[in-house]
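Q: Please find one structure pasted underneath; my questions will follow.
The values are calculated or read from the model by the stated rules, or taken from the named source; none is laboratory data. Treat the numbers as computed from the prediction; the structure is a model and nothing was measured. Using ideal geometry, Cβ is built from the backbone for each residue, glycine included, and neighbour counts are taken over all protein chains shown. Heads up: the accessible areas ignore ligands, DNA and RNA and are worked out on the full protein's heavy atoms, side chains in. Shrake-Rupley method; radii C 1.70, N 1.55, O 1.52, S 1.80 Å.
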Amino acid sequence: EFDDLRKIIYTYVVASNIEYKKSIMDYDSYIKNKFKYLELRGFSPKISGKEIQMELDDIFVPLAINKQQKIVPNIWEDSSEETENTFKSVDILNHRALVILGDPGSGKSTLLKYFATQIVAFRNSEHFLKNIIPVFIRLADYSDFYNKHKKSIYEFIVNHFDNQYHHIYKESLEYSNMLILLDGLDEVVETPLRLKVTEQVLDLVARYPNNRYIVTSRIVGYQESKLGGAFVHYKLLPFRKEEIQLFSKQW
């Protein structure tokens, strides 16, 4: 009911406010351009000696994912229950608050960037998330900000991004119209600071429960600062044979 009501109000606001509609279109273009290309670290693909860029949408393969009933101590162990509950990662966007766990290099950051571009692609469709505003945040960046200023993650989102989208972030947060993609909880190296960051995330969810939240973390070390409350936990699985074949073909 909340999502239906928001859709009606949002449609009315956009239809009656040309300036707001333009700002959303500009922001969508910003997201598309920011996450358009696959980020490759350590090597640069070349054709005839010329470096090339590959678009994320052309390469991305939906990952298999499991819902985790218990987070510790055996989250890395497969079970028949997990296998039966395996499905594609793109199907989890209906959750309001979730954690995606995975091994190093399993595709957590790339998945969040893909989600951001997918939300933008929904804009002119009838998808239930067509009105949502995605924002991608590295939690390591927020931890540096918190270390220096001791300010909330709300302040970081609304004020730290000093650009023309300031008002979009503020309005979207306060009107429960935002998908907040929080990447790399494990990258906050110091445990006490990671606990503070976790507290700030939980506080933000408590203040704005009708926004949507996705947090990523490596499996190892997550137990020290795990997110409880409304958060549902999922685990990314390694590529299976058919996914390896599809990725190889698209590459």
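Q: Looking only at the stretch 118-173, count how many residues are under 26 Å from residue 10 (Cα atoms), part of a helix (DSSP H, G or I), in contact (Cβ under 8 Å) with a residue 12 or more places away in the chain and not small (Gly, Ala, Ser).
A: Matching residues across the stretch 118-173 total 14.
Q: Also, quick follow-up: Give the residues of the stretch 206-237 that are part of a loop (DSSP other than H, G, I, E, B) and farther than 17 Å from residue 195 by Cα, sorted by residue number.
A: The initial filter retains those residues of the stretch 206-237 that are part of a loop (DSSP other than H, G, I, E, B), namely 208-211, 219-221, 226-231, 237.
Residues satisfying the conditions are 208, 209, 210, 211, 230, 237.
Q: Can you tell me which residues in the stretch 157-200 are open to solvent by less than 50 Å² (accessible area, probe 1.4 Å) and basic (Lys, Arg)?
A: Scanning the stretch 157-200 gives a single hit, 194.
For every residue, the table says whether it meets (1) within 23 Å of the chain's Cα centre (by Cα); (2) without any contact (Cβ under 8 Å) to a residue 40 or more places away in the chain.
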site	(1), (2)
2	yes, no
16	no, yes
22	no, yes
28	yes, no
31	yes, no
40	yes, yes
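Q: Here's something else I'd like to know. As an exercise: evaluate residue 228 against (1) of a type outside the set (A, V, I, L, M, F, W, C); (2) under 25 Å from residue 94 (Cβ atoms); (3) touching a residue at least 40 places away in the same chain (Cβ under 8 Å) and give the number of the one condition it does not meet.
A: The one condition residue 228 does not meet is (3).
Q: Turning to a different aspect of this structure: Which ones in the stretch 132-156 are open to solvent by less than 10 Å² (accessible area, probe 1.4 Å) and within 30 Å of residue 58 (Cα to Cα)? Working first, answer last.
A: Taking the stretch 132-156 as the starting set, the residues that turn out to be open to solvent by less than 10 Å² (accessible area, probe 1.4 Å) are 132-135, 137, 139, 142-143, 153, 156.
If the condition is that a residue be open to solvent by less than 10 Å² (accessible area, probe 1.4 Å) and within 30 Å of residue 58 (Cα to Cα), then 132, 133, 134, 135, 137, 139 are the ones that fit.
Q: For the stretch 188-221, how many residues are in contact with a strand residue (DSSP E or B) (Cβ under 9 Å, 6 or more places away or on another chain) and modelled with pLDDT under 90?
A: Matching residues across the stretch 188-221 total 1.
Q: Now for a separate question. Within the stretch 211-251, which residues are surrounded by fewer than 15 Cβ atoms within 10 Å (Cβ to Cβ), β-branched (Val, Ile, Thr) and under 28 Å from residue 130 (Cα atoms)?
A: 232
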